């Protein structure tokens, strides 16, 4: 089982220009307007749980993640799920995190040590090991608002099959090995 602590998705400005031709009465009608995205509308952070038997609830975090929020997520989202798993005492489960500074705080390290968690050595900037990262990048049209982004991510998450999860978990060690061999540059697996 792989618990993936979070992925962060941003809505950024688009370079394309949209043209609409409307009659004067429709000029400001809501059906004729497109939401404009400013420089950086914000981000959506996700906490994911992927294991060979499927995916668990996708947790959306709308504020910037810091050490306190990270530990809160571990306690409220991760702990109940982790404790409900069969054979937890055997240590068959692996926790994956991105090596962010809040993952390495004393509080987080102590919490993970108390649980006896195995931590997956995770290469920085390796989006090709993430199921949602690649899917959202390939999606057309791209979401242009945070609400659209959240909805699309939830839809994509629910559509992940058990077969995909099983393959993802079984191939993780091999994918990490290939990534290390390619000095953490994107690879095709």
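Among the conditions (1) in a helix (DSSP H, G or I); (2) at pLDDT below 80, the only one that residue 92 does not satisfy is (1).
In this structure, is residue 75 modelled with pLDDT of 50 or more and part of a helix (DSSP H, G or I)? Lay out the reasoning, then the answer.
Working: modelled with pLDDT of 50 or more: yes; part of a helix (DSSP H, G or I): yes.
So residue 75 fits the description; yes.
For segment 132-163, filtering for residues that are over 16 Å from residue 45 (Cα atoms), in contact with a strand residue (DSSP E or B) (Cβ under 9 Å, 6 or more places away or on another chain) and part of a helix (DSSP H, G or I) leaves 2.
Working only within segment 117-128, note down all residues that are at pLDDT below 80 and either in a loop (DSSP other than H, G, I, E, B) or more than 17 Å from residue 45 (Cβ to Cβ) (or both).
120, 121, 122, 123, 124, 125, 126, 128 - these are the residues of segment 117-128 that are at pLDDT below 80 and either in a loop (DSSP other than H, G, I, E, B) or more than 17 Å from residue 45 (Cβ to Cβ) (or both).
May I ask you to say which residue of 48, 8, 53 is within 26 Å of residue 161 (Cα to Cα), modelled with pLDDT of 70 or more and either surrounded by 13 or more Cβ atoms within 10 Å (Cβ to Cβ) or in contact with a strand residue (DSSP E or B) (Cβ under 7 Å, 6 or more places away or on another chain) (or both)? Being within 26 Å of residue 161 (Cα to Cα), modelled with pLDDT of 70 or more and either surrounded by 13 or more Cβ atoms within 10 Å (Cβ to Cβ) or in contact with a strand residue (DSSP E or B) (Cβ under 7 Å, 6 or more places away or on another chain) (or both) holds for just one of 48, 8, 53, which is 48.
Kindly evaluate residue 109 against the criterion of being at pLDDT below 80 and surrounded by fewer than 17 Cβ atoms within 10 Å (Cβ to Cβ). Even if it seems obvious, please write down each step before you answer.
Working: at pLDDT below 80: no; surrounded by fewer than 17 Cβ atoms within 10 Å (Cβ to Cβ): yes.
When the stated conditions are applied, residue 109 does not pass them.
The values are calculated or read from the model by the stated rules, or taken from the named source; none is laboratory data. None of these values were measured; they are calculated from a predicted model. FYI the Cβ positions are ideal-geometry reconstructions off the backbone, even for glycines, and counts take in every protein chain you see.
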